[in-house]
Amino acid sequence: MWRCSGLRWSGDGLVLAWEGGRGSALLWGKRVGFAVPEGSGRVCVGARGHACPVRAAVPGRGTGARCEECARLDRAHSVAADTIADDPRPYRVYLAWFGPGLVKVGITAVERGPARLLEQGAICFSWLGTGPLMAARRTEEMLRAALGVPDRIAYAEKRAVRARLPGTAEERAAEVRALHRRAVALDRWPESLRAEPCEVVDQVRAFGIEGVPAAFGEVTELVPGGAIGGELVAAAGPDLHLAVRGRGVVVLDTRLIRGWGLVPSLRDDDELALPVREFRQEQDGLF
């Protein structure tokens, strides 16, 4: 029985990581399948590389996979949670686009390259500026206040538009280019932040989502005795898009796997024995 520690994007490809340092490389067309043993439960994954001291039980539907105490410890030294201000590394401010009308501003350490954008499932992005952490933070806040750009977009919203993306990279880049022009025209930039030119990077090919059928729904949680198996046809952020024969494409958020002990599925064919929320189909007319 293996316990998943999350999905990892890197220059070497997509890897499903397991406790103990093992990893399973994921390739398009590869079958991904596992089962949840009967009588098992989900336990806290701990914080900052340390196991939860009490192996606390955590709810199946939560994406954090941490108990209250470990979640507090994890946030206590986190750039994302804005709880540290003395990180000496240079940071980049970025604009990320997830679909029509869904653009956000964020920051990431320069040394991480585009990894943060892959982890968030950004369809395309552009760097906006580079500088010290606090200058990057002030720029992020400035864009939120002056231009109304959010710093968070829910994954449910990202999934909802993923099947309706414009067909060309130029169309997908349009909103990022327009927002970049408005951002660099502002006159309140921190002096220590160096503006970056607009160079939009399209990640559709990296995610493998071009031409993939729209998903009919998403797994909402893992349950004891449940199982899933299907062909990996695409991935974006933490989401795996699995084609299950006889059902269609379903989205599995790998954050829901963390904390569960998993075993190989005993079936050779595709299966889907987990709770699924079907996506609402859009209507062209009233009826």
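The values are calculated or read from the model by the stated rules, or taken from the named source; none is laboratory data. Because the structure is a prediction, the values reported are computed rather than measured. With ideal geometry, Cβ positions are generated from the backbone for all residues, glycine too; neighbour counts draw on all protein chains shown. For the accessible areas, the whole protein counts, side chains as well, though only heavy atoms, and no ligand, DNA or RNA atoms are used. Shrake-Rupley method; radii C 1.70, N 1.55, O 1.52, S 1.80 Å.
Worth pointing out:
- Exclusive hit being under 20 Å from the mean Cα position of the chain (by Cα) and open to solvent by 30 Å² or more (accessible area, probe 1.4 Å), set A214, A243, A236: A214
- Within region 159-177, residues that are under 11 Å from I209 (Cβ atoms) have Cβ atoms under 9 Å from residues that are part of a helix (DSSP H, G or I) in these pairs: R162/F207; L165/E171; L165/R172; L165/V204, counting only partners at least 6 apart in sequence or on another chain.
- Here A178 does not fit the description of being aliphatic (A, V, I, L, M) and open to solvent by 50 Å² or more (accessible area, probe 1.4 Å).
- Checking every residue in region 106-119 against the condition of being more than 19 Å from the chain's Cα centre (by Cα) and open to solvent by less than 10 Å² (accessible area, probe 1.4 Å) gives zero matches.
- Boolean, R8 is closer than 16 Å to P238 by Cα, assigned to a strand (DSSP E or B) and either open to solvent by 70 Å² or more (accessible area, probe 1.4 Å) or in contact (Cβ under 8 Å) with a residue 40 or more places away in the chain (or both): yes
- Residue count for region 195-210, restricted to those that are modelled with pLDDT under 95, exposed (fewer than 15 other Cβ atoms within 10 Å of the Cβ) and touching a strand residue (DSSP E or B) at 6+ places or on another chain (Cβ under 9 Å): 1
- Some residue of region 158-166 being farther than 17 Å from F207 by Cα and in contact with a helix residue (DSSP H, G or I) (Cβ under 7 Å, 6 or more places away or on another chain): no
- Scanning region 36-64 for residues that are open to solvent by 40 Å² or more (accessible area, probe 1.4 Å) and of a type in the set (D, E, K, R) returns E38, R48, R55, R61.
- Listed conditions (1) under 22 Å from T108 (Cα atoms); (2) surrounded by 13 or more Cβ atoms within 10 Å (Cβ to Cβ) are all met by E191, apart from (2).
- Checklist (1) in contact with a Ser or Thr (Cβ under 8 Å, 6 or more places away or on another chain); (2) assigned to a helix (DSSP H, G or I) applied to L95, failing item: (2)
- Residue in region 28-36 that is in contact (Cβ under 8 Å) with a residue 12 or more places away in the chain and over 21 Å from V219 (Cα atoms) present: no
- Inspection of region 25-35 finds no residue satisfying the criterion of being surrounded by 13 or more Cβ atoms within 10 Å (Cβ to Cβ), in a strand (DSSP E or B) and in contact with a Lys or Arg (Cβ under 7 Å, 6 or more places away or on another chain).
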